[in-house]
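These notes are about the structure you will find just below.
The values are calculated or read from the model by the stated rules, or taken from the named source; none is laboratory data. The shown structure was predicted, so the numbers you read here are calculated from the model rather than taken from an experiment. Using ideal geometry, Cβ is built from the backbone for each residue, glycine included, and neighbour counts are taken over all protein chains shown. These area figures cover heavy atoms from the full protein model, side chains too; ligands, DNA and RNA do not enter into them. Shrake-Rupley method; radii C 1.70, N 1.55, O 1.52, S 1.80 Å.
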Amino acid sequence: MKHIVTLITIILFSQMAQSQKNNDSFEVLWKQVEKLENDALTKSALKVVTSISEKAKKEKNSPQIVKALLYTSKYVMTLEEDAQLKIATDFKQEIDKAEFPTKNVLESYLANLYWQFFQQNRYQFYNRTKTEVKVDSVDFRTWDLTTLFKEITVHFDASLENEAELKQTPVSGFDNILHQQKGSEEYRPTLFDLLAQNALLFYTTPENNITRPADKFEIDNPDLLCNGYDFTSQNITSTDDTSLQAKALCIFQKLLIQHLPSARPYTFAEVDIQRLHFIYQNAVFETKDQQYLEVLQNAASAGNGNWASSLYNYEIAALLNQQGNYYQPKSNEEPRWKTKEALAVCEKVIKENADSRGAEKCRALKTQILARSLQLTTERHIPINMTSRLLVNYKNYDGLQLTARRISQKQWNALEDLYPQEKKLAFIKKLSIAKSW
C-alpha cells in the first residue's frame with residue numbers, strides 16, 4: 001500500500017494552546033539544536049535538548065517533554081554504549097507519567113523499539129532457551145524470544161487502549177508529527193488507524209519460532225476467508241495467548257467495523273484486502289485458493305463498478321497472473337490462459353474506472369504482463385561430435401532467429417578481452433556462420 005502514514009522520530013502533541021506564550025523561546029532553542037545537529041556537534045546539541053527538557057518539565061509542557069525525550073534518544077544512540085537500554089528505561093518512565101494520547105503513542109514507540117532490536121539481533125534470540133521468568137527484569141537484551149514477544153504485545157495492546165477516544169481523534173490534528181503522502185488520510189483517518197497499523201506490522205510478521213502451546217491457534221476455519229461485512233461478525237477466540245495471528249485478526253475486525261459505514265471509497269476496501277491477503281497467506285485449509293478468488297470476485301461484483309471494486313478487480317488480476325506463471329507445457333497445462341484472463345480484467349478496469357486507484361495498479365500490472373523477456377541457457381559441457389541443447393525461455397515474442405558461429409580458441413581468447421558488449425557483438429558477427437534456424 002503506497003498511501004501510508006508513519007510515525008516519525010519527532011512526536012509533537014496538541015496542547016499548543018497552553019504553551020503558546022512559550023513557543024518563541026522553545027522555537028529559538030530548537031533552531032539551535034537543528035544548527036548544531038547540521039554541524040555534526042551531537043554533544044552540544046544534546047546539552048541544548050537537555051535544557052529544553054528541564055524547561056519543559058518545569059513548565060509541565062507535555063509536547064515539548066516528548067519532543068525532547070525523542071531527540072535525546074536519537075543522540076544517546078550515537079553517544080552511549082548501552083543506548084538502547086537507557087532509551088527503553090527513559091520511555092518507561094515517561095509512559096508512567098503520560099496521559100492520553102501521548103501515552104498511547106509512546107507505548108507504540110516502545111513496542112517498536114523492542115521489535116526493531118529483535119530484528120537487528122534475531123540470531124541471538126533464536127539461540128536462547130526459554131526461561132520461566134525474566135533473567136533481568138530491566139535489561140530486555142537478556143530476554144528469551146518468547147518473553148520479548150510477550151512484552152512487545154503488552155505495549156502494542158496498551159497503545160490501542162481507550163479505543164473509542166482514539167477513533168474520535170483525527171490524524172489531521174497531528175500533521176506536525178507525521179510523514180504524509182498525498183491522500184494518506186483516506187487510509188489512516190484517525191489515530192486508532194495509525195496505531196493499529198503500527199501494531200499490525202508486528203502481529204502479521206511470519207516469525208513463528210516462539211514456544212507455542214499444544215493447542216496453538218491456526219487459521220483453519222474457512223469461514224474466516226469471507227467478505228469484509230461477514231468478517232466483522234465473526235467470533236475470533238483463542239486460548240493461545242502467544243498467537244500473533246489471532247491478535248492480527250482481532251485488529252482487522254476492529255478496523256473494518258470502524259470503516260464499515262465510511263463514505264470514503266477506498267478506506268474499507270484497503271483494510272479488507274489487507275486482511276484477505278493475511279488470511280490467504282496463513283490459512284491451512286485446503287480450499288483457500290478457490291475460496292480466495294471467489295471472495296474477491298464477490299466483493300468486486302458487490303461494488304457494482306465503483307472505485308472500491310477496482311481494487312478488488314486488481315487483486316483478481318494479480319492472482320490470475322500469479323497462477324499463469326505456473327504454466328508448463330505438458331506438465332502443468334491447466335493455468336495456460338490465466339495470464340490472458342488477468343490482462344482482460346486489467347483492461348476492463350482501466351476502461352471503466354480510468355481514474356481509480358485500481359486502474360493505476362492495473363496499468364502497472366498490464367505493463368508487467370506485456371513486457372518482453374528472453375533467456376537462453378546452454379549446456380556447460382558440450383560432448384564431442386554430438387548436438388548441443390539450448391533452452392529458450394521467452395515471453396511476448398512472435399519468433400526468434402538463431403545463428404550458430406564457429407570460433408577458435410584463439411578467437412575465444414580475443415573475445416574474452418573485449419569490452420564493452422558492443423565490441424563483443426561486432427566481433428561475433430564477423431565469425432563464420434555454421435547454421436541458422
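Taken over the stretch 95-110, the criterion of being out of contact with any Asp or Glu (no Cβ under 7 Å at 6 or more places or on another chain) and open to solvent by 30 Å² or more (accessible area, probe 1.4 Å) is satisfied by D96, K97, E99, K103, Y109.
If the condition is being under 21 Å from K216 (Cβ atoms), of a type outside the set (V, I, T) and touching an Asp or Glu at 6+ places or on another chain (Cβ under 9 Å), then the stretch 267-287 contributes Y280, N282, A283, F285. Filtering the stretch 27-36 to residues that are open to solvent by less than 80 Å² (accessible area, probe 1.4 Å) and modelled with pLDDT under 85 leaves only W30. Pairing residues of the stretch 58-81 that are basic (K, R) with residues that are at pLDDT 80 or above and buried (at least 20 other Cβ atoms within 10 Å of the Cβ), at Cβ distances under 8 Å and at least 6 apart in sequence or on separate chains, gives K67/I52.
One line per residue, one yes/no per condition, for (1) over 13 Å from F118 (Cα atoms); (2) open to solvent by less than 30 Å² (accessible area, probe 1.4 Å); (3) in contact with a helix residue (DSSP H, G or I) (Cβ under 9 Å, 6 or more places away or on another chain); (4) hydroxyl-bearing (S, T, Y):
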position	(1), (2), (3), (4)
F140	no, yes, yes, no
L148	no, yes, yes, no
F156	yes, yes, yes, no
E163	yes, no, yes, no
K167	yes, no, yes, no
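Can you find a residue in the stretch 141-160 that is in a loop (DSSP other than H, G, I, E, B), within 22 Å of the chain's Cα centre (by Cα), at pLDDT 85 or above and under 30 Å from A299 (Cα atoms)? Within the stretch 141-160, one or more residues are in a loop (DSSP other than H, G, I, E, B), within 22 Å of the chain's Cα centre (by Cα), at pLDDT 85 or above and under 30 Å from A299 (Cα atoms). Quick test of your reading of the structure: L113 fulfils all but one of (1) more than 20 Å from P206 (Cβ to Cβ); (2) touching a residue at least 60 places away in the same chain (Cβ under 8 Å); (3) open to solvent by less than 50 Å² (accessible area, probe 1.4 Å). Name the failing condition by number. So L113 meets the others, but not (2). Going through (1) touching an Asp or Glu at 6+ places or on another chain (Cβ under 8 Å); (2) open to solvent by 20 Å² or more (accessible area, probe 1.4 Å); (3) closer than 28 Å to L145 by Cβ one by one, R264 falls short only on (3). So which of T339, T367 ends up being touching a helix residue (DSSP H, G or I) at 6+ places or on another chain (Cβ under 7 Å) and within 28 Å of Y266 (Cα to Cα)? It is T339.
Determine which member of the set Q290, Q323, Q281 is out of contact with any Pro (no Cβ under 9 Å at 6 or more places or on another chain) and at pLDDT 90 or above. Can you show your working first?
Numbers: Q323 fails: out of contact with any Pro (no Cβ under 9 Å at 6 or more places or on another chain); Q281 fails: out of contact with any Pro (no Cβ under 9 Å at 6 or more places or on another chain).
Criteria check complete, one pass: Q290.
Within the stretch 313-335, residues that are free of Cβ contacts under 8 Å to residues at least 24 places away in the same chain and of a type in the set (S, T, N, Q) have Cβ atoms under 7 Å from residues that are part of a helix (DSSP H, G or I) and open to solvent by less than 60 Å² (accessible area, probe 1.4 Å) in these pairs: Q323/K338, counting only partners at least 6 apart in sequence or on another chain. Considering only residues that are among the small types (G, A, S) and more than 17 Å from Y292 (Cβ to Cβ), which ones fall in the stretch 213-247? Of everything in the stretch 213-247, those that are among the small types (G, A, S) and more than 17 Å from Y292 (Cβ to Cβ) turn out to be A214, S233, S238, S243, A246. Taking the condition at pLDDT 90 or above and aliphatic (A, V, I, L, M), does A214 pass? No, not satisfied.
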